[in-house]
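For reference, the structure discussed in these notes is given below.
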Amino acid sequence: MHMRKFAVVLTDMERRGIRVDAKDYLAGVEVQARKDRAEHVETFRQWAYKMIGADGLAMNLASSTQLGTFLFGGATNTKTKERTEQVRVFKTPREEIADDAMELYKQRDAEQKGELTNSNDGEKQPDEFDSMKSDQLKALCKEYGLKVSGKKIELQERLRGHFLAAGQDIQQDDYDSLPDAELKDICATRGLADNGNRKALLERIRQDVSFTLELLSASTEGSTDGYKSISEALEAAAASDGGTLKDILKDLKAKSQEEPKWVDVTIASIGMIPTAFTAGGAPSCTAVVLRGLAGDPFADPPQYGLVSLATSHSWKTWILSISN
C-alpha cells in the first residue's frame with residue numbers, strides 16, 4: 001500500500017476543493033485522548049494497588065524495568081539462564097511519588113511503628129538514642145559526666161542507664177568537686193581499689209558508674225521511674241537542663257518531620273509468563289508485547305489477550321492506551 005504523510009493528504013484534499021477543518025477536530029481528539037489516557041492510568045494504578053499495595057500507586061508506568069518486574073519478575077533470562085528478580089526495590093525521588101502513595105506509605109510506617117511499640121516480645125523499642133550519631137552521643141556523655149570512650153552501642157546504653165537512673169543513688173554526681181578523701185570513700189563503698197592519684201580515682205569511679213548504667217539499661221523494659229518512656233525522660237531533662245540535649249532533640253525532631261528525598265518503591269511480580277525477550281534475554285515490555293497481553297477488548301466479539309483471566313477490562317484498556 002502506498003503510504004503518504006497525513007499532513008500531505010490533508011493539503012491535497014483542500015487543494016482539490018475539499019475543505020478539511022482539522023484544527024479544531026484534531027485538538028478535540030487530542031484533549032479526549034489525554035483524558036482517556038489519564039483515566040486508564042488511574043484505573044491501572046488502583047488495580048496495581050490491590051495487587052501489591054501502596055507500591056502499586058507509586059510505580060512509574062513509563063519505566064519498562066518496573067513494568068517488567070511487576071509483570072514478569074521471576075522469569076528466566078534466555079541469555080544468562082538466570083531468573084529475573086521477583087521483588088525489586090527502586091530508589092525513587094520524592095517528587096516523582098504521587099501524593100496518595102505517600103499518604104499510604106506514611107500510614108503503613110505509622111502502623112508498623114505502633115505494632116513495634118505495642119509488641120510484647122520483651123525487646124527494647126527504638127528511642128532517640130538510636131537516631132543519634134556517635135559525636136552527639138559523646139557530647140551528651142561529656143555533658144553529663146559519663147565516660148566518653150567506647151563503641152556506639154555502649155554510649156547508647158550508658159546514656160539510657162543515666163536517664164533511667166534519674167533520682168536514684170547511682171545517678172552521676174559532680175565528682176570533680178569532691179576532695180580526694182571522699183573519692184577514696186566512694187571507691188571503698190563501691191568495692192573498688194582506693195589507691196592512686198586523683199585522676200586514677202576519678203577514672204575508676206566513672207568506669208564503674210558507666211558499667212552500672214549499662215547494666216541498668218540492659219535489664220529494664222525501657223521505662224524510667226516517674227516516666228513512661230525514655231522519650232519523656234529526655235524531654236523533661238531537656239526542659240530543665242537545656243544545653244546540648246535540647247539542641248540534639250530539636251534537630252532529631254526537625255529531621256523526623258522532613259519529607260524524605262528518596263523513597264524505596266518495592267515492586268513485586270504478579271508472575272506472568274513473558275511472550276517476547278530483549279536482545280539481552282530479559283522479558284520485553286514493548287508496545288507489541290503489551291498489545292498481545294491486552295488483545296482487543298473493543299472488538300465485536302471482544303478478543304482478549306493473555307491477561308484475560310488475571311486482570312480487568314480497564315487494565316487491558318490501559319495497555320492499549322500506552323502502546324498506541
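Quick look at the numbers
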read-out	value
Output for the range 226-271, where each listed residue is assigned to a helix (DSSP H, G or I) and within 16 Å of Gly161 (Cα to Cα)	Ile230, Ser231, Glu232, Ala233, Leu234, Glu235, Ala236, Ala237, Leu245
Unique match (being part of a loop (DSSP other than H, G, I, E, B), modelled with pLDDT under 80, under 25 Å from Thr65 (Cα atoms) and out of contact with any helix residue (DSSP H, G or I) (no Cβ under 8 Å at 6 or more places or on another chain)) among Ala310, Ala279	Ala310
Selected residue (criterion: modelled with the highest pLDDT) from residues of the range 122-141 that are surrounded by fewer than 21 Cβ atoms within 10 Å (Cβ to Cβ), part of a loop (DSSP other than H, G, I, E, B) and of a type outside the set (Lys, Arg)	Asp127
Helices (runs of 4 or more DSSP H) (entirely within the range 3-105) containing at least 2 residues that are farther than 27 Å from Ser284 by Cβ	6-15, 22-52
Candidates Asp241, Asp194 - the one that is in contact with a Cys (Cβ under 6 Å, 6 or more places away or on another chain) and either surrounded by fewer than 18 Cβ atoms within 10 Å (Cβ to Cβ) or at pLDDT 80 or above (or both)	Asp194
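The values are calculated or read from the model by the stated rules, or taken from the named source; none is laboratory data. These numbers come from a predicted model, not from an experiment. Positions of Cβ are generated from backbone atoms using ideal geometry, with glycine treated the same way; all protein chains shown enter the neighbour counts.
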